[in-house]
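Below is one structure, written out as structure tokens; the observations come after it.
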Amino acid sequence: MNETIERYVAEFRAQATRLPGARLPWLAAAREGAIERFARQGFPTLRDEAWKYTALGPIEKKVFPLAQADLGKVSEVGAWLLEDVPHRLVFVDGRYAPALSRVGALPAPSLADSLAEVLARAPHLAEPYLREAPAAGAFVELNTAFMADGAFVQVGEGVIVEEPIHLLFVSTTAGCVSHPRNLVVAADGAAVTVVEHYVALGGGGYFTNAVTQIAAGRGARVEHYKVQQENVKAFHIATVVARQEAGSRFDSHSLSLGAELARNDIATRFDGTGCETTLNGLYVVAGRQHVDHHTTIDHARPRGTSREFYRGILDDRARAVFTGRIVVHKDAQKTDAGQINHNLLLSRDAEVDTRPQLEIYADDVKCSHGATVGQLDDNMLFYLRTRGLEEGHARDLLTYAFAAEVLERIRIRSLRNRTERLMVERMAEAERLKELV
Amino acid sequence: MSLLTIKNLQAAVDGKQILRGIDLDVQPGEVHAIMGPNGSGKSTLAQVLAGREDYQAVSGEVLYQGKDLLALSTEERAREGIFLAFQYPVEIPGVSNVYLLKAAVNAIRKHRGQPELDAVEFLQLVKARMKSMKMGEEFLYRSVNEGFSGGEKKRNEVLQMALLEPRLAILDETDSGLDIDALKIVAEGVNSLRSPERAMIVITHYQRLLEYIVPDYVHVLSRGRIVKSGGRELALELEEKGYAWIEGGKAGAAAGAVR
Ligand SMILES: Nc1ncnc2c1ncn2[C@@H]1O[C@H](COP(=O)(O)OP(=O)(O)O)[C@@H](O)[C@H]1O
Ligand SMILES: [Mg+2]
């Protein structure tokens, strides 16, 4: 066991009795099991297939103490609000901040609250999801051991929650870690949209290790947006695990814009027939940023449909990894899976590793995949310049257009506009691109 | 003063010489047609004039309004009034037609010292032009050329030209792929731009277009050289005898005979 791991274990021993739900035997046992498995396996290394291109040295070398949330540090969150999203739960350094939050009335028995609060008042609601946490590697174990708070969103049978629920995580403390844990549960026939949004106050580095579990009942629809806008010194590791029952639909959007090192594991499993999923993603990195998306679609049952649309834009010496794993089980006939990953390199020093991983054990399936890594198209640049646009303007315009193909898929208007504006602001020619948004 | 003077222009792509010595003089107000078989170098000439960087001028000289054209960047040429209607207009997903049109118009207005148009003024202008080109307004909000039919792309090129009001317009096979109605609309668009200070180089494979856009001069390009020049009647003669007539003899000898 290396020193960092020992420190985490020691911290767990010191903190365990103070963590939320400490008096719940099933939760204490789950945490205990998790820290033991973490201590045994340690951090993933480049020898792990799933981590082949992402070195965790910077995270492993440093011990990040648990952030001690001081809710008073954040007095307002106006800069990050989504105007057309009335429900919001705000977390400061991983802890729920009621004064900054606002949750409108949801039709009973639906609920959107702090997970710590639910563990205190109605732990049986969370128990089915936390008792048997998904076996998804060291970071999920670490999260299970230390999780202190997060959002608990539950939507009752047949209830359609029209308005999205905004979960805003604000990090304020340099050098610390927070382990947000979110549960999103849509009962049969229910529908809900959740925006999980990570931002920072201040420029110091920190570590976010988030886990979100999503359960979609029969015929349910869950739309999940993950917006990662950590500061450029931060480490962001996040795992999204969805389980889908028959006829359900799960749409995921991952917008990865910040952090020095970001890893997103997004996985869904079809536990019933006729499930659908679409995984959309956009990563935009520059400088020495590193972003890694590892997606898994587990077609465990027949007649499932999955689509993946991922795009990346890399500048300077940035690095990106995309892994699209699609597993089609033996009896998952009539599976229809398609995956596309396009990468735009704006610099010769940027680097992308993109790999589809298809494991197909059924014979009556449609599976397609495609990946490209390229530069801006010379014909397009020439065409724009013959119309009088300066080269820099033409380049920024084409870069923006490349991203816009993913942004168009964002269905929450304020989030789409906000992300479009962010993209434009990153450009040298921002002034000239303003009217695009 | 000549608007455009090309002297012994030789150009290469990827080290392969394509233009082998072009001479051409264009005065303001003139329309020059360039005809020639496929692969003779017509589009190469057009692209070199518009400033495509992967086409290198190996030797020769091009003067535009008395200035060294080859020393200008692509966008400077556009701003100085050169417009190329592409043989194959480029599809640009994610960039709306209206954005490009407005950016182009304002880039050129700014260069000419005219005030930039705001959104309202611009829409008024563009909608009027589109109407005369029989283009629906939905064109504005579609991505540039994406999913356009061949005819729609060509019409879009002529619309751009009409908005940018060039001094020298180069139309590269703007007639190809057009049915007769579309051809008439495009020709009307072009003819409405004819003026004493504006010149046009109309590249075409067939003489059909020249019935609608009547040229002052016709040049025949073959294997990277202008091998024959004449008036309007040359196009008819070509149509009758076919390009074999030009290519039959030694290209060099034919050129000698004409010049
Ligand atoms: N990008 C290129 N690379 C190599 N050869 C080219 C390129 N573009 C054109 N050519 C060649 O140059 C010659 C002239 O082409 P082009 O100018 O397109 O002819 P035209 O327009 O008269 O049909 C042809 O032999 C063509 O194959
Ligand atoms: Mg051509």
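The values are calculated or read from the model by the stated rules, or taken from the named source; none is laboratory data. Just so it is clear, the model here is predicted, and its values are computed rather than measured. Note: ideal-geometry Cβ built from the backbone for every residue, glycine included; neighbour counts use all protein chains shown. In case anyone asks, the SASA skips ligands and DNA or RNA and just uses the protein heavy atoms, side chains included. Shrake-Rupley method; radii C 1.70, N 1.55, O 1.52, S 1.80 Å.
Key figures for this structure:
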{"item": "Count - residues of the stretch B:6-15 that are away from ligand 2 (no atom under 16 Å from the Cβ), of a type outside the set (Gly, Ala, Ser) and either in contact with a Phe, Trp or Tyr (Cβ under 6 Å, 6 or more places away or on another chain) or open to solvent by 30 Å² or more (accessible area, probe 1.4 Å) (or both)", "result": "4"}
{"item": "Residue satisfying condition, being part of a helix (DSSP H, G or I) and among the acidic types (Asp, Glu), within set A:Glu6, A:Glu76", "result": "A:Glu6"}
{"item": "Pick from the stretch B:172-184, criterion away from chain A (no Cβ under 14 Å) and within 16 Å of ligand 2 (Cβ to nearest atom), ranking: modelled with the lowest pLDDT", "result": "B:Gly177"}
{"item": "Residue that is nearest to the chain's Cα centre (by Cα), among those in the stretch B:10-47 that are over 19 Å from B:Ala235 (Cα atoms) and near ligand 1 (Cβ under 8 Å from one of its atoms)", "result": "B:Ala46"}
{"item": "From B:Gly39, B:Gly29, residue being within 16 Å of ligand 2 (Cβ to nearest atom) and loosely packed, with under 15 Cβ neighbours inside 10 Å", "result": "B:Gly39"}
{"item": "In the stretch B:82-131, the residues that are farther than 20 Å from A:Arg432 by Cα and within 10 Å of chain A (Cβ to nearest Cβ)", "result": "B:Ile82, B:Phe83, B:Leu84, B:Ala85, B:Phe86, B:Tyr88, B:Pro89, B:Val90, B:Glu91"}
{"item": "Flag if A:Thr386 is within 11 Å of chain B (Cβ to nearest Cβ) and either among the acidic types (Asp, Glu) or surrounded by 18 or more Cβ atoms within 10 Å (Cβ to Cβ) (or both)", "result": "yes"}
{"item": "Single residue of the stretch A:371-383 satisfying the filter (more than 7 Å from chain B (Cβ to nearest Cβ) and among the hydrophobic types (A, V, I, L, M, F, W, C)) that is nearest to B:Val158 (Cα to Cα)", "result": "A:Leu381"}
{"item": "Criterion (within 16 Å of ligand 2 (Cβ to nearest atom) and assigned to a strand (DSSP E or B)) met by exactly one of B:Leu19, B:Leu63", "result": "B:Leu19"}
{"item": "Answer residue from the stretch B:48-66, given it is within 11 Å of ligand 1 (Cβ to nearest atom) and touching a residue at least 40 places away in the same chain (Cβ under 8 Å) and is nearest to the other protein chains (Cβ to nearest Cβ) among those", "result": "B:Asp54"}
{"item": "Some residue of the stretch A:83-91 being open to solvent by 50 Å² or more (accessible area, probe 1.4 Å), at pLDDT below 90 and in a helix (DSSP H, G or I)", "result": "no"}
{"item": "Residue in the stretch B:67-81 that is farthest from the chain's Cα centre (by Cα), counting only those that are open to solvent by less than 10 Å² (accessible area, probe 1.4 Å) and within 8 Å of another protein chain (Cβ to nearest Cβ)", "result": "B:Thr74"}
{"item": "Selection count, the stretch B:185-208, where residues are within 16 Å of ligand 2 (Cβ to nearest atom) and modelled with pLDDT of 90 or more", "result": "4"}
{"item": "Yes/no for B:Tyr99 being under 24 Å from B:Ala50 (Cβ atoms), within 21 Å of the chain's Cα centre (by Cα) and outside any strand (DSSP E or B)", "result": "no"}
{"item": "Condition check for A:Leu46: free of Cβ contacts under 8 Å to residues at least 24 places away in the same chain and out of contact with any His (no Cβ under 8 Å at 6 or more places or on another chain)", "result": "yes"}
{"item": "Top-ranked residue in the stretch A:313-333 [being in a loop (DSSP other than H, G, I, E, B) and within 26 Å of A:Thr268 (Cβ to Cβ); ranked as least open to solvent (accessible area, probe 1.4 Å)]", "result": "A:Ala332"}
